[in-house]
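K.L.:
Here you go, one structure.
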Amino acid sequence: MAELVKKVHYIFDKECSCREVLDKALALGPDGIVQELVDSGLRGRGGAGFLTGIKWKLAKEQQETPKYVICNADEGEPGTFKDRKILEEVPCKVLAGMALCGYTIGAKEGIIYLRGEYSYMRHELQQQIFQFTKEILGPLGLDFKISIFMGAGAYVCGEETALIESIEGERGEPRNKPPFPVQNGLFRKPTVVNNVETFASVMTVFRMGAKKYKNLGTKDQRGSKLISVSGDTPRPGVYEIELGMKLADFVREFGDGDTKAVLVGGYSGFCVPETHFETAVIGEGRPTGAAILLFNHKRSMYRVLHNILEFFAEESCGQCTPCRVGYQQLLKGIEAVKKGEKSEEYLNSLLNLTETMKITAKCGLGQSAPNFFKSIVENYREEIVY
Amino acid sequence: MTETLVHELVEKYGRKRSSLLPILQEIVRRESYLTPQAIIEVAKELDLSATEVYGVATFYSFLDVQPRGEYKIRICKSLTCDAKNKAILDELEKLLKIKVGGTTLDRRFSLLMTNCIGQCDHAPAMLVNEEVYTDITPEKVREIINYYKHKKI
Ligand SMILES: Cc1cc2nc3c(=O)[nH]c(=O)nc-3n(C[C@H](O)[C@H](O)[C@H](O)COP(=O)(O)O)c2cc1C
Ligand code: SF4
Ligand code: FES
């Protein structure tokens, strides 16, 4: 198979020494570290795409103490498994990224929020933390304690404020933002929440330098990025790419020769139909989620849509009405249209409903309704109706 | 029994509100699910109302408040697995003689569905308690069930 999508090899590169990269970064001091990160253009890999350097800077400027560093390893977006791969293969980079963040913002405590589905790797990760603390933090004289907090099967807890509520022993319901966690996070103290891949990418930045890092990728998304490829593909897996790839190339390399649609960004992303493969570029414009799912012609797009809606209806925290009731109505709505109980025009009302959800829902879970719904209903209307 | 366990866990994790989830998680690990007594006990120890604790527990799908078997099988139903899990679902229902949502009469197994467990590169996938099983086939399912049937509790 010809390699059409250019891959790079930084995050899973085991040649690099966490100790050396940490040494190099620490020598810059907190201000220098923030500057380098800002210059690199690194954006968070958890979905929202906030500039990592700015996030650390804001947390650093807070006077309140203690401060906290949280690594978001809740990885609940269906089709995403890159964080699992990072924690299994290069955990040291994540721990080092967290420690560096702690040093920069003045936090002595770091917590990894690991999704319940990954309980099986907890023991190994704990061993890695012991080893890292003893062999790297100790000799460097860094006072930073890392612990693991287990999730318990709730997708919404990946949302940073819901995650914080969850650690505090509450239902994982997102808070209102602002205030943001950098000011008012865990136990109402300044907190940096970053994704697993973000911490690992911080190590890439300090290893190669901000200038070189910035030249990777597109103007909207700098650097390299991991994608999780799944669905109907003979080559599922995690790949590190420079953003800016053409979807057509991607499909030629990863499709099974019968690809009908691609879901970019996982369930909260959007669906690209065959007719648009040639023009779509991944990594321009809005930040791209980490999951890419391919569907072949054997798939019913009605079943795909139904599966996605069911997921959100189940995972809605129920705190706000547009999301709680909205997803249930969308689900019932497409079922009714399918059964012929409602006319095809009813789909237009449902499309309007998703727009309302986007405007009125409190967090991304409710707000992402129009992305996938619109792109599936508009491109596969016949499959939804008949 | 529940009382002693809760007491032991409170000693281990502390009485802070942030100890609530770790305590509930360990009860589920040891007793399969949260009985009403367990919830009441935890509430007493942490000085919370039972409703409060129940409210937290029901929020999380892995904090079972329904009676469950010793081994909770959770089959992934998200899109990559959805296209591949029919045969293993059929096999499990046949072997255990229960439907999804059910628990065997000997209280050994519960059969549940769950959302993506992050193993899509090796679909179909499932969890048995905290263990992950990937690339499963009906044949593998038979081996797995056989293993847990004979595993000493
Ligand atoms: C419903 C929902 C689920 C989310 N799930 C995750 C997740 O599993 N992992 C993650 O890192 N971020 C997730 N996020 C984004 C986080 O809220 C937050 O933006 C992120 O952890 C910040 O880290 P970053 O700046 O490194 O990307 C989710 C957001 C929403 C709205
Ligand atoms: S949008 Fe949905 S998940 Fe988010 S806070 Fe509202 S009800 Fe909860
Ligand atoms: S879809 Fe089944 S593990 Fe992700």
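No value in this document is a laboratory result; all are computed from the given coordinates. Predicted, not measured: the structure shown is a model, and the values here were computed from it. Glycine also receives a Cβ, built like all others from the backbone with ideal geometry; neighbour counts cover every protein chain displayed.
K.L.:
How tilted is helix A:369-379 with respect to the longest principal axis of chain A? Cα atoms for both, answer in degrees (0 to 90, nearest 10).
P.N.:
40
K.L.:
Ok, one more. Can you list the aspartates and glutamates whose alpha carbon is less than 14 Å from that of B:Lys97, not counting same-chain residues fewer than 8 positions off?
P.N.:
Candidates past the 8-residue exclusion: B:Asp106.
K.L.:
Tell me the mean residue ellipticity at 222 nm calculated for the protein assembly as shown from its helices only (DSSP H runs of n ≥ 4, each -39500 (n - 2.57), averaged over every residue, nearest 500). Working shown, then result.
P.N.:
Numbers: 23 runs with 241 residues, N = 539.
Calculated mean residue ellipticity at 222 nm is -13500 deg cm²/dmol.
K.L.:
Tell me which residues come under 5 Å, amide H to amide H, from A:Gly46 once H is placed; ignore anything under 5 positions away on its chain.
P.N.:
Excluding prolines and chain starts, which carry no amide H, the hits are A:Asn195.
K.L.:
Also, I was wondering about something else. Please list B:93-103, A:290-300 highest first by mean number of surrounding beta-carbon atoms within 10 Å per residue. Don't skip to the answer; put the middle values down first.
P.N.:
On the way: B:93-103: 14.7, A:290-300: 20.6.
Averaged packing, sorted descending, gives the order A:290-300, B:93-103.
K.L.:
May I ask for the Rg/Rh ratio of the protein assembly as shown, computed from Cα atoms with Rh as the Kirkwood radius, given to two decimals?
P.N.:
Value, to two decimals: 0.96.
K.L.:
While we're on this one: If you count, for every residue in A:114-122, the Cβ atoms of partner chains within 10 Å of its Cβ, what is the mean?
P.N.:
So the per-residue partner count for this stretch is 5.
K.L.:
A:Lys219 versus A:Arg19, label points 7 Å from Cα toward the beta carbon: distance in nm?
P.N.:
According to this spin-label approximation, the distance is 4.4 nm.
K.L.:
While we're on this one: Among the lysines, select those whose C-alpha is under 18 Å from the C-alpha of B:Lys12, and discard any that sit fewer than 8 residues away in the same chain.
P.N.:
B:Lys44
K.L.:
Could you run the Karplus curve 6.51 cos²θ - 1.76 cosθ + 1.60 with θ = phi - 60° over the range A:39-55 and give me ³J(HN,Hα) per residue in whole Hz, x for Gly and Pro?
P.N.:
4, 6, x, 4, 10, x, 9, x, x, 6, x, 6, 5, 5, x, 5, 4
K.L.:
Let me know the charge dipole size of the range A:1-126 about its Cα centre in debye, to the nearest 20, where only the beta-carbon of Lys, Arg (+1) and Asp, Glu (-1) is charged.
P.N.:
100
K.L.:
Contour minus end-to-end for A:Asp256 and A:Glu382, with contour as 0.36 nm per residue of separation and end-to-end as the Cα-Cα distance?
P.N.:
Gain on stretching A:Asp256 to A:Glu382: 43.0 nm.
K.L.:
Assign unit charges at the C-beta atoms only (+1 for Lys and Arg, -1 for Asp and Glu), then state the dipole size of chain A relative to its Cα centre in Debye, rounded to the nearest 20.
P.N.:
Charge dipole, chain A, about its Cα centre: 620 debye, nearest 20.
K.L.:
Next question. Provide the gained length on full extension for the span A:Glu61 to A:Leu142, in nm with one decimal, where the gain is 0.36 nm per separating residue minus the Cα-Cα distance. Intermediate results must be reported in sequence, preceding the final value.
P.N.:
Numbers: separation 81, 0.36 × 81 = 29.16 nm, distance 2.00 nm.
Result for the pair: 27.2 nm of gain on full extension.
K.L.:
Round to a whole angstrom and tell me the spacing of the C-alpha centers of the range A:229-290 and the range A:95-161.
P.N.:
31
K.L.:
Separate question: Place +1 on the Cβ of every Lys and Arg and -1 on the Cβ of every Asp and Glu in chain B, take the dipole about the Cα centre, and give the residue among B:Cys81, B:Gly118, B:Gln37 whose Cα lies farthest towards its positive end.
P.N.:
B:Cys81
K.L.:
Classify the range B:2-59: rounded, prolate or oblate, from the alpha-carbon gyration tensor (a ≥ b ≥ c, eigenvalue square roots; a/c under 1.5 rounded; otherwise prolate if a/b is larger than b/c)?
P.N.:
Rounded is the answer for the range B:2-59, as its axis ratio a/c remains below 1.5.
K.L.:
Looking at this model, which pairs from B:Lys72/B:Lys94; A:Lys93/A:Lys145; A:Lys60/A:Lys189; A:Lys7/A:Lys225; A:Lys108/A:Lys134; A:Lys177/A:Lys332 are more than 20 angstrom apart at the alpha-carbon?
P.N.:
Correct reply: A:Lys177/A:Lys332.
K.L.:
What pairs in A:Lys14/A:Lys211; B:Lys84/B:Lys149; A:Lys342/B:Lys99 have C-alpha atoms more than 27 Å from each other?
P.N.:
A:Lys342/B:Lys99
K.L.:
In addition: Among the aspartates and glutamates, which fall within straight-line cross-link reach of A:Lys57, defined as a Cα-Cα distance under 15 Å, with same-chain neighbours fewer than 8 residues apart omitted?
P.N.:
Here the aspartates and glutamates satisfying the reach criterion relative to A:Lys57 are A:Asp31, A:Glu36, A:Asp39.
K.L.:
Taking the Cα centre of the protein assembly as shown as the origin and placing charges on Cβ (Lys, Arg +1; Asp, Glu -1), which of A:Phe295, B:Ala57, A:Val272 is farthest toward the positive end of the dipole?
P.N.:
B:Ala57
K.L.:
Can you compute 3J(HN,Hα) from phi for each residue in the range A:230-239, using the Karplus curve 6.51 cos²θ - 1.76 cosθ + 1.60 with θ = phi - 60°, rounded to whole Hz and x for Gly and Pro?
P.N.:
Residue by residue, the range A:230-239 yields 8, x, 8, 9, x, 10, x, x, 9, 10 Hz.
K.L.:
Next up: Could you give the size of the charge dipole of the range A:287-386 about its Cα centre, using +1 on the Cβ of each K and R and -1 on the Cβ of each D and E, expressed in debye and rounded to the nearest 20?
P.N.:
Taking the Cα centre of the range A:287-386 as origin, the dipole is about 120 debye.
K.L.:
Roughly what angle does helix A:346-360 make with the longest principal axis of chain A, taking Cα atoms, 0 to 90 degrees, to the nearest 10?
P.N.:
The angle comes out at about 20 degrees.
K.L.:
Let me ask something additional. Just to confirm a number: summing +1 for Lys and Arg and -1 for Asp and Glu over residues other than B:Leu5 whose beta-carbon lies under 14 angstrom from that of B:Leu5, what do you get?
P.N.:
Working: positive: B:Lys12, B:Arg29, B:Arg30, B:Lys44; negative: B:Glu3, B:Glu8, B:Glu11, B:Glu26, B:Glu31, B:Glu41, B:Glu45.
Every neighbour counted, the sum reads -3.
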